[in-house]
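Here's the structure, in structure tokens; my notes come after.
The values are calculated or read from the model by the stated rules, or taken from the named source; none is laboratory data. Worth saying up front: this structure is predicted, and the values here are computed from it rather than measured. Positions of Cβ are backbone-derived with ideal geometry, glycine not excepted, and every protein chain shown enters the neighbour counts. Only protein heavy atoms, including side chains, enter the accessible area calculation; ligands, DNA and RNA are left aside. Shrake-Rupley method; radii C 1.70, N 1.55, O 1.52, S 1.80 Å.
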Amino acid sequence: MDSKPTRPHRRPPPLPSKTSGVWPVALLVVLCFAALPLFLALSRARPTLSDVSQMGVTVTVHDEDPAGTPPESSPANRDRLLGGLLSPDIGESACLSRYKSSLHRKPSPHSPSPYLVSRLRKYEALHRKCGPGTLFYKKSLMQLTSAYSMGLVECTYLVWTPCGGSHLGDRMLSMASAFLYALLTHRVFVVHVTDDMAGLFCEPFPAASWELPAGFLVHNLTQLGRGSEHSYANLLCAKKIKTDDPAGVRSESLPSYAYVHLEHDYQQSDQLFFCDDDQTVLAKVNWLILRSNLYFTPGLFLVPQFEDELRWMFPARDTVFHHIGRYLFHPSNKVWELITRYHTSYMAKFEENIGIQITTFAGSKVSSEEYFKQIVACTSQEKILPEIDPNATSSANEAALATTASKAVLVSSAQPSEYAEKLKAMYYEHATVTGEPVSVLQPAGAGKQAPNQKALVEMFLQSYCDVSVVSGRSTVGYVGHGLAGVKPWLLLTPTNRTASANPPCIQTTSMEPCFHAPPSYDCRAKKDGDLGAVLRHVRHCEDVGDGLKLYD
């Protein structure tokens, strides 16, 4: 007879140890982490689960198909999408530069935050729903026939229009600032593409256009200015917009659109755009038309209601243009062909490319000869380029130089004979003290390309350089080194404008562009003040004493 199976011996529960009191603390920690998603969902900034990693919390998401490989798993794909900054929903053939431009640069050490990536995807969904050509756009367009805005509308808009005669560098910095403002205020960003900008850029948003269609009901956009009837400043002066009780203002009491004038000649009433109360009221105007030739992004950081959102999007404050610019600006296939042809033929074979972007301004009393000496002093003193030995003649001919040099200098200037040709002759005629040959490059085709097309080609070629030397105040230089993600060496303007600067250049501690003409009115103190002393990360620029710049 089989014996009955014996029951396993059960051990008595262990005696309480000296550390058993820890379990209530552990339970509390578990409860805190369990409540974290609810807290985040109700918070003002509303980060997604992917953003929780910024707080030091690891979130594991299990794919329903564990055998599937995500499209961004390989390093090449991650680089093509710039760390998730770009959506993969635009075909490569439609915009070659979107996916290939990053192959000409070293990988950026500046990764976009998960929250910025999340916000961009949400914006793209908004643009597909409300952008030009959609039913919501057509319905919203009809609101402009009314004298007043409408409450509880599905979509609101920001129309960017260029300043007449402004340089493409100014326009790109202004567009980046305007898009960031649209992102912050949940507006659809629409661009008034004038004839001199046609064909320069690809559409940046998937399955939607950013171009303002013909037939817009506000005519003569390029004629709007500081004195326009619908400018925000004039609407305030005429009491058509009141900010005494911002929260109590109803959309139905506001005009159907307002023009925001943020050019360098704006006045204090225009500058109220950067005040919290005014932003609360402007949020209720359905259509905003904005014109600016400034990088006004630092001013947005001064608006209290934007602070949390900006902090989540840009934990490193000095990467704003680097991320927004790489997201927004992709040269069209026609322009990209010019860029990649030059890069492949001339720049790609060198181990290191040095970019020198020279801009001279009207009113400067420094001669081109003195400025050239300043450039040479900067590059030699800072070991950017090797010094020449004036007593040693170079024996290398131009063909040999091109094949033996490991370092190239790309010089962009409106005066090539004054700078590029002199630098080329200097290194061609004399040996360097280190024996290292240097090749000097200069983008060609000035006479064959439209001015804006030439400027875009040069800015992108400069963005492929490993080191950047730029004239102070140059918006072309700002765009080039901003896209590259490098901190430039700034050629400073002499104090008395008649002698060479000392030191000839300095390396910036931030790669952000400078806001050349910031407001003088301190909204928090409600009086004029030094806005470079309000926030730690908004301070004055190295090249423009009263300008504002973002620092990390």
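What to note about this one:
- Close Lys pairs in the range 110-314 (alpha-carbon distance under 20 Å; sequence gap of 8 or more, or different chains): 8.
- Fraction of alpha-carbon pairs over 13 Å apart in the range 180-236 - percent: 72
- Residues K424, K334, K129, ordered by accessible area of protein heavy atoms at a 1.4 angstrom probe radius and largest first, appear as K334, K129, K424.
- Each residue was assigned an accessible area with a 1.4 Å probe, and for F361 the value is about 90 Å².
- Centroid-to-centroid separation of the range 274-330 and the range 85-153 [C-alpha atoms, Å]: 15
- Rounded to whole numbers, the Karplus 3J(HN,Hα) couplings from phi for the range 369-382 are 5, 5, 5, 4, 4, 5, 5, 5, 4, 4, 5, 7, 5, 8 Hz, using 6.51 cos²θ - 1.76 cosθ + 1.60 with θ = phi - 60°, and x at Gly and Pro.
- Alpha-carbon geometry of the range 110-314: the Rg and the Dmax are 16.2, 46 Å, given in that order.
- In Hz, Karplus ³J(HN,Hα) per residue of the range 532-546 (6.51, -1.76, 1.60; θ = phi - 60°; x = Gly, Pro): x, 10, 7, 10, 4, 8, 10, 9, 6, 7, 6, 9, 9, x, 9
- Net dipole in debye of the range 331-548 [+1 Lys, Arg Cβ; -1 Asp, Glu Cβ; about Cα centre; nearest 20]: 640
- Largest-first ordering by accessible area, 1.4 Å probe, given options T222, T194: T222, T194
- For the range 331-548, the spread of Cα positions along the three principal axes, ordered from largest to smallest, is 66, 45, 30 Å.
- Per atom type, the range 110-314 shows carbon and sulfur on 51% of its accessible surface, probed at 1.4 Å.
- Accessible area (Å², 1.4 Å probe, nearest 10) - D79: 50
- Estimated at the nearest 10 Å², the accessible area of K106 is 150 Å² with a 1.4 Å probe.
- Note on surface exposure: L338, L262 rank L338, L262 by accessible area, highest first, 1.4 Å probe.
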